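Asks: Sending over a structure as structure tokens; questions will come in a sec.
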Amino acid sequence: MLIEPSLLVVALIAVITGSALQSMSGFGLAVVASPILVIINPNFLPAPILALGCILSLLNCIRYRQQLHFSNIKIALLARIPGSVLGILLLALLPPIFFAVGFSLLIMLSVLLTYRRVDIHHCARNLVLAGFFSGLMGTTTSVGGPPIALVYQNSKLSTLRAELGLFFLIGTLVSLAMLLASGNINYAQVQLTLPLIPALFVGFASSFYLDKYLGQRYLKPLIATLSLTSCGIILLKAFFY
């Protein structure tokens with residue numbers, strides 16, 4: 001077994017929490033679960049986390065299918081492709097510690113931005129920039145949500161959930177295909193991913209309940225604390241171990 005039983009329980013809880021948040025708010029699996037998974041096993045980065053995100057995005061696309069409009073995100077998806085290509089090149093050129101540090105800093109930045117109102121308009125130029133950087137960040141660190149989420153921050157919640165779900169579904173499929181073609185996916189990563197898939201369904205199902213009875217404002221401080229603490233541990237391990 002690649003994960004000890006006690007750590008597997010922690011990983012399952014992290015995935016349940018992250019998938020519930022993403023199903024409620026449009027993104028969050030990478031922000032919440034990824035730092036914990038990387039602490040448990042660095043090989044979770046990036047392919048296994050992307051694979052989990054891909055499955056969850058499919059579930060949310062089905063759930064919010066009535067609000068899907070592909071035309072609104074096609075520009076961002078096209079821009080994600082060159083970003084993903086650049087990400088593959090960087091994976092081959094830069095050492096793993098660069099991505100561990102970059103991953104942690106991106107998570108911290110995305111959490112901090114949720115506490116500040118950044119006025120970024122939903123327009124073609126911003127969608128192109130968001131798509132490109134989402135592809136770059138998603139392929140290298142599995143955290144591709146913050147750029148595109150910032151563009152959608154002023155959209156209706158139903159639109160945000162649906163269109164981000166479709167963007168992440170297609171975008172993560174592209175990133176996974178490029179990782180596979182470049183030899184950055186192996187059997188050990190598949191073994192890491194499979195035991196956590198049931199947790200996605202549990203988190204997705206629990207979001208139906210949480211969406212009715214638990215406001216997002218109650219989850220936000222807890223999730224921010226958890227994410228920032230986890231990223232701090234990753235940075236300590238990267239520099240001192």
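Asks: Can you find a residue in the range 122-134 that is modelled with pLDDT under 85 and not hydrophobic (A, V, I, L, M, F, W, C)?
Replies: yes
Listed here are the residues, each with its yes/no results for (1) open to solvent by 10 Å² or more (accessible area, probe 1.4 Å); (2) within 25 Å of ILE13 (Cα to Cα); (3) touching a helix residue (DSSP H, G or I) at 6+ places or on another chain (Cβ under 6 Å); (4) not in a helix (DSSP H, G or I).
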position: SER134; (1), (2), (3), (4): no, no, yes, no
position: THR139; (1), (2), (3), (4): no, yes, yes, no
position: PRO146; (1), (2), (3), (4): yes, yes, yes, no
position: ALA149; (1), (2), (3), (4): yes, yes, no, no
position: GLY171; (1), (2), (3), (4): no, no, yes, no
position: GLN189; (1), (2), (3), (4): yes, yes, yes, no
position: ILE197; (1), (2), (3), (4): yes, yes, no, no
position: ALA205; (1), (2), (3), (4): yes, yes, no, no
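Asks: For the range 174-182, check the following and say yes or no: at least one residue is open to solvent by 40 Å² or more (accessible area, probe 1.4 Å), at pLDDT 90 or above and not in a helix (DSSP H, G or I).
Replies: Yes: one or more hits.
Asks: Related question: Could you please let me know if LEU222 is modelled with pLDDT under 95, in a helix (DSSP H, G or I), over 21 Å from LEU112 (Cβ atoms) and over 13 Å from the mean Cα position of the chain (by Cα)?
Replies: Spelling it out, it is not the case that LEU222 is modelled with pLDDT under 95, in a helix (DSSP H, G or I), over 21 Å from LEU112 (Cβ atoms) and over 13 Å from the mean Cα position of the chain (by Cα).
Asks: Still on this structure, please answer the following. Select the helices (runs of 4 or more DSSP H) contained entirely in the range 1-104, then report the ones holding at least 1 residues which are open to solvent by less than 30 Å² (accessible area, probe 1.4 Å), touching a residue at least 12 places away in the same chain (Cβ under 8 Å) and within 21 Å of PHE239 (Cα to Cα).
Replies: Result: 29-40.
Asks: So, one more: Condition (residue is within 22 Å of PRO96 (Cβ to Cβ) and at pLDDT 75 or above) applied to the range 197-217: is it met by at least one residue?
Replies: No, there is no match, as no residue in the range 197-217 is within 22 Å of PRO96 (Cβ to Cβ) and at pLDDT 75 or above.
The values are calculated or read from the model by the stated rules, or taken from the named source; none is laboratory data. None of the values given here were measured: they were computed from a predicted structure. A quick note on method: Cβ atoms are made from the backbone with ideal geometry, for glycine too, and the neighbour counts reach across all protein chains shown. Calculation scope for accessible area: heavy atoms of the full protein, side chains included, ligands and nucleic acids excluded. Shrake-Rupley method; radii C 1.70, N 1.55, O 1.52, S 1.80 Å.
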